[in-house]
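Quick notes on the structure that follows.
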Amino acid sequence: MSVEITNFLYYSIKSSRKTSSRQLIMKAPKNVRKTNHQLTEYFSVRKSVRRTKKQVLREQQRHLEDLIINEVEDGLECRYTEGKGRGVFATKDFEKGSFVVEYSGDFISLLEANVREEEYSQNESTGCYMYYFRYNDQTFCIDATRESGKMGRLINHSRTNSNLYTKTLLVEGLPRLVLLAKENIKRGQELLYDYGDRSRESLKHHPWLKY
Amino acid sequence: MFEARLVNSATFKKILDAIKDLLDQASFDCSESGIQLQAMDNSHVSLVSLNLKSDGFDKYRCDRSLTMGMNLASLSKVFRCSGSDDTVTIKAQDDADTVTFMFESKKQEKISDYEMKLMNLDQEHLGIPETEFSCIIKMPSAEFARIVRDLSQFGESIVISCTKEGVKFSTQGDIGTGNVKLAQTNNFDKEEESVIIDMQEPVSLTFACQYLNLFTKATPLSNQVTLSMCDNVPLVVEYQIPDLGHLCYYLAPKIEEDEN
């Protein structure tokens, strides 16, 4: 009886061994490892996500707004020149169309501007720093007469050799004036824009407006 | 302003169910032509590409192209609140940071709306080249789901082999092997029940079950599924959404690593 049992046990151990060895055999082909590839190996990632023209314009507008809000005045230097007084020179290159500086001052209505104009005309030494512009069919004025330390107000006039142009931009609900590069500007060049004032009265007082 | 109205909100729910297990979040790109979504799963092994035509909607208005990044789990929660017969209207302002879903019951006696926050997702778009596939298999979607489910019990991957005679799905695992062969249907009485194979040359590719199983979540969208295969190119599993567009899944194959 006992012999039979040992016999049985012997067999059972043997058979369990057998299965384990069979499992090993079955696992053998798994040595050939299959790895999953990634889709990016087949399809290229589009680096430039295409944007519509509108989106590009909106982004540019936003960029300009940021520059204005942060009062950026990079790459500018105020120098004294013979005959013209103070002028602004570029200390870095400006690409065509890029933001140069804001013409910042008090944003006032035409009515208020007339009152101030009267006031300023009493004093001969006051320069002309009033910039009139139309926005939404209404005339407004940026008055930069006050010495603010801002560069925009110090840029000289040139009718024929201007390298900047002005643009009106609505920032946080108020129209603002920015000066943009009309052409590629090299460092060292003086920044100039056309004041646009052609009235006889102004020309009489400021003959340099003609050039 | 963006507004899209779909009388059958259940369709959108089905689409969502078909992608939400694969993707955590995704951007819906809305334009005049419709809504598109393209996103890879986290492991970058599979890709979902959804295209819904504007004509397929009952009302569609998109003044400006906009991208709405959404958390799909949150979106599922919103759609869980809709009834099966409800009409859904999706609305967003230009440059908005929220999107509104309005559900109207059939008789208009109940109107609910949910506003969901949008996310700014920085997602990579993949350029998918036009491919001449070696084999294009059209088969009942339920059959495909069944085969994938059955075989994934046995192994981690499924080999799909396509010849002129038919298509064979096979798997191999610790307990053994499994094979399912489908012959091309000769009788074309019922197109949605037939297996149609368009083959240029035989092809055999291996894919991970895990992903195939997730793709079959799209089964309720369509009676038929199309599998397009080509050597060394991801598998394309396509479900047509009747009158609205299509949902495509791309899956990179498993490739034997060179032992040397």
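The values are calculated or read from the model by the stated rules, or taken from the named source; none is laboratory data. Computed from a predicted model, the values in this text were never measured in an experiment. Quick reminder, even Gly has a Cβ in these numbers, built from the backbone with ideal geometry, and neighbours come from all protein chains shown. Areas reflect the complete protein model, heavy atoms only, side chains present, ligands, DNA and RNA absent. Shrake-Rupley method; radii C 1.70, N 1.55, O 1.52, S 1.80 Å.
Here the range B:206-216 is the region considered, the condition is being buried (at least 20 other Cβ atoms within 10 Å of the Cβ) and away from every other protein chain (no Cβ under 11 Å), and the residue that is nearest to the chain's Cα centre (by Cα) is B:Phe215. Let me spell it out: the conditions are (1) part of a strand (DSSP E or B); (2) open to solvent by less than 80 Å² (accessible area, probe 1.4 Å), and B:Arg61 meets all of them except one. Which number is the exception? The failed condition is (2).
For every residue, the table says whether it meets (1) closer than 25 Å to A:Thr126 by Cα; (2) open to solvent by 80 Å² or more (accessible area, probe 1.4 Å).
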{"position": "A:Val171", "(1), (2)": "no, no"}
{"position": "A:Lys182", "(1), (2)": "no, yes"}
{"position": "A:Tyr195", "(1), (2)": "yes, no"}
{"position": "A:Ser199", "(1), (2)": "yes, no"}
{"position": "A:Lys210", "(1), (2)": "yes, yes"}
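Answer yes or no: is there a residue in the range B:87-100 that is among the small types (Gly, Ala, Ser) and within 13 Å of another protein chain (Cβ to nearest Cβ). So far as the range B:87-100 goes, no, none of its residues is among the small types (Gly, Ala, Ser) and within 13 Å of another protein chain (Cβ to nearest Cβ). Selection of first residues in the range B:88-117 that are more than 30 Å from A:Arg58 (Cα to Cα) and in contact (Cβ under 8 Å) with a residue 12 or more places away in the chain and of second residues that are β-branched (Val, Ile, Thr) and surrounded by fewer than 15 Cβ atoms within 10 Å (Cβ to Cβ), restricted to Cβ pairs under 6 Å at least 6 apart or on distinct chains, gives the following pairs, ordered by first then second residue: B:Glu104/B:Ile111. I'd like to know if the range B:10-19 contains one or more residues that are of a type outside the set (Asp, Glu), out of contact with any strand residue (DSSP E or B) (no Cβ under 7 Å at 6 or more places or on another chain) and within 11 Å of chain A (Cβ to nearest Cβ). No: zero hits. Mind listing just one residue for me: the one in the range B:39-58 that is away from chain A (no Cβ under 14 Å) and part of a loop (DSSP other than H, G, I, E, B) and, of those, least open to solvent (accessible area, probe 1.4 Å)? Looking at the filtered set, the residue picked out is B:Phe57.
If only residues of the range A:74-90 that are open to solvent by 50 Å² or more (accessible area, probe 1.4 Å) and in a loop (DSSP other than H, G, I, E, B) are counted, the one that is modelled with the highest pLDDT is A:Asp74. Inside the range B:238-259, residues that are without any contact (Cβ under 8 Å) to a residue 60 or more places away in the chain and either within 14 Å of another protein chain (Cβ to nearest Cβ) or touching an Asp or Glu at 6+ places or on another chain (Cβ under 6 Å) (or both) make up a count of 6. Of all residues in the range A:97-131, those satisfying the criterion of being more than 21 Å from A:Leu64 (Cα to Cα) and in a strand (DSSP E or B) are A:Ile108, A:Ser109, A:Met130. Among residues of the range B:59-74 that are within 14 Å of another protein chain (Cβ to nearest Cβ), those with a beta-carbon under 9 Å from a residue that is open to solvent by 10 Å² or more (accessible area, probe 1.4 Å) and basic (Lys, Arg) at least six positions away or on a different chain give the pairs B:Arg64/A:Lys54; B:Ser65/A:Arg51; B:Ser65/A:Lys54. Criterion applied to B:Pro234, B:Pro202, B:Pro242 was being closer than 30 Å to B:Ser54 by Cα, outside the structural domain of B:Gly34 (by TED's automatic domain parsing) and open to solvent by 60 Å² or more (accessible area, probe 1.4 Å), and the one residue passing it is B:Pro242. Taking the range B:18-33 as the range and being open to solvent by 10 Å² or more (accessible area, probe 1.4 Å), part of a loop (DSSP other than H, G, I, E, B) and either more than 17 Å from B:His246 (Cα to Cα) or not hydroxyl-bearing (Ser, Thr, Tyr) (or both) as the test, the residues that pass are B:Lys20, B:Asp21, B:Leu22, B:Asp24, B:Glu32. Look at (1) open to solvent by less than 70 Å² (accessible area, probe 1.4 Å); (2) under 21 Å from B:Val45 (Cβ atoms); (3) modelled with pLDDT under 95 and you find that B:Gln184 fails only one, number (2). The condition of being open to solvent by less than 20 Å² (accessible area, probe 1.4 Å), in contact with a Ser or Thr (Cβ under 9 Å, 6 or more places away or on another chain) and at pLDDT 85 or above does not hold for A:Arg176.
Take A:Lys34 and decide whether it is surrounded by 12 or more Cβ atoms within 10 Å (Cβ to Cβ), at pLDDT below 85, farther than 30 Å from A:Leu164 by Cβ and of a type in the set (D, E, K, R). Taking the combined requirement at face value, the residue satisfies it. Quick one: is B:Asp243 closer than 30 Å to B:Ser9 by Cα and among the acidic types (Asp, Glu)? Criteria met by B:Asp243. Candidates are the residues of the range B:217-237 that are among the hydrophobic types (A, V, I, L, M, F, W, C) and assigned to a loop (DSSP other than H, G, I, E, B); the one that is farthest from the other protein chains (Cβ to nearest Cβ) is B:Cys230.
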